[in-house]
Amino acid sequence: MAAILRTGVALASLVAWAATGAVAQESDNRVAVETAWSVFVDGDPQECWAVSAPAETVNTRDGQPVTVRRGDILLFATYRDGQGDVAEISFTGGYPFRDGSTVDVQIGDTEFQLFVDGNWAWSASPEDDARLLEAMRRGREAVLTGVSSRGTQTRDTFNLFGFTAATEEAQRRCN
């Protein structure tokens, strides 16, 4: 619940932005591209985020690959004007997550959990965000595994090449 409250007004702008599929399009508020990661700035107070779509997606049901329709699948690191050095890490899987489930995040040998609410998942606290941010900056890829409300298991692999540069740019723009 704390993670949901920390999102404040950012959720509305992120949902609206994600719904446009802006990762694949040019945008007026897109200020930088760092390999697979793009940096956007928007709002007043200002929000700055690095965002990427997955390099690979695998959907399974009962252990068998299935074809499913999903909305935008995006991993975010969001900074807010004047709120410090730690980004809020969030993920939207393009579907409603199963109630009471979590999204597992694997970066190298390190595991994390994101807590879900509807189509979104966040870490539990700013301290968890800091640990996840550091792991993402050191890692090569992040694998996020979730379960949809229909029972489909999804495994989304994000390339972390360029993540550090993108998050540093987003942080610089919001400090």
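The values are calculated or read from the model by the stated rules, or taken from the named source; none is laboratory data. All values derive from a computational prediction rather than experimental measurement. Cβ coordinates were reconstructed from backbone atoms using ideal geometry, including for glycine residues, and neighbour counts include every protein chain displayed.
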*What tally of residues in region 80-98 results from selecting those that are modelled with pLDDT of 95 or more and either more than 11 Å from the chain's Cα centre (by Cα) or at positive phi (or both)?*
5
*Taking only region 91-147 into account, find how many residues are touching an Asp or Glu at 6+ places or on another chain (Cβ under 9 Å) and of a type in the set (F, W, Y).*
4
_Among the residues of region 124-137, what is the count of those that are in contact with a strand residue (DSSP E or B) (Cβ under 8 Å, 6 or more places away or on another chain) and at pLDDT 95 or above?_
7
*Taking strands (runs of 3 or more DSSP E) that do not extend beyond region 1-75, which have at least 1 residues that are in contact with a Leu (Cβ under 9 Å, 6 or more places away or on another chain) and modelled with pLDDT of 65 or more?*
37-42, 47-52
_Just the residues that are among the hydroxyl-bearing types (S, T, Y), in a strand (DSSP E or B) and either in contact with a helix residue (DSSP H, G or I) (Cβ under 8 Å, 6 or more places away or on another chain) or surrounded by fewer than 20 Cβ atoms within 10 Å (Cβ to Cβ) (or both), please, taken from region 121-175._
T145, T157
*Residue under evaluation A53, criteria (1) surrounded by fewer than 21 Cβ atoms within 10 Å (Cβ to Cβ); (2) over 14 Å from the mean Cα position of the chain (by Cα), criterion not met*: (2)
*In region 124-158, what residues are within 11 Å of I89 (Cβ to Cβ) and of a type in the set (K, R)?*
R131
